[in-house]
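Peer 1: What follows is a structure written as structure tokens; I'll ask about it next.
The values are calculated or read from the model by the stated rules, or taken from the named source; none is laboratory data. Since we're looking at a predicted model, the values are computed, not measured. Quick reminder, even Gly has a Cβ in these numbers, built from the backbone with ideal geometry, and neighbours come from all protein chains shown.
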Amino acid sequence: MMAPFRLPAEIEERLVNMSPAPGRTENFRAFEAALERICALEDIYMAEERLAHLRAGRTETIRLDDLIRQFGISR
């Protein structure tokens with residue numbers, strides 16, 4: 001498990017100065033922001049890994065028309 005970390009003072013100040021929302025503490029907002037960024041980074045890293053596999057010839061592509069046909073999606 002990761003150890004807790006300190007936010008820089010200017011970031012803490014920004015969290016404190018945000019418009020208050022019922023039940024939303026500075027800690028909650030910091031957690032929410034960190035979680036959102038972690039999810040975005042996971043997406044980026046997965047896309048980079050998939051692109052590397054594609055470029056190395058370890059995966060194949062499928063045409064959009066074939067995908068639409070395969071899953072019976074109408075346009």
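Peer 1: Looking for whichever is acidic (D, E) and modelled with pLDDT under 90 here; the options are E26, E42, E48, E36. Which one fits?
Peer 2: It is E26.
Peer 1: Still on this structure, please answer the following. For R6, indicate whether it is of a type in the set (K, R), modelled with pLDDT of 95 or more and exposed (fewer than 10 other Cβ atoms within 10 Å of the Cβ).
Peer 2: No, not satisfied.
Peer 1: Right, M46: touching a strand residue (DSSP E or B) at 6+ places or on another chain (Cβ under 9 Å) and of a type outside the set (S, T, N, Q) or not?
Peer 2: Numbers: touching a strand residue (DSSP E or B) at 6+ places or on another chain (Cβ under 9 Å): no; of a type outside the set (S, T, N, Q): yes.
No: the conditions fail for M46.
Peer 1: Within segment 36-75, can you find the residues that are basic (K, R) and surrounded by 10 or more Cβ atoms within 10 Å (Cβ to Cβ)? Reasoning before the result, please.
Peer 2: Going residue by residue through segment 36-75, those that are basic (K, R) are 37, 50, 55, 58, 63, 69, 75.
Once the filter is applied, which keeps residues that are basic (K, R) and surrounded by 10 or more Cβ atoms within 10 Å (Cβ to Cβ), segment 36-75 yields R37, R50, R69.
Peer 1: Would you please name the residue that is nearest to the chain's Cα centre (by Cα), looking only at residues in segment 33-47 that are aliphatic (A, V, I, L, M) and within 22 Å of L7 (Cβ to Cβ)?
Peer 2: Among residues in segment 33-47 that are aliphatic (A, V, I, L, M) and within 22 Å of L7 (Cβ to Cβ), the one nearest to the chain's Cα centre (by Cα) is A40.
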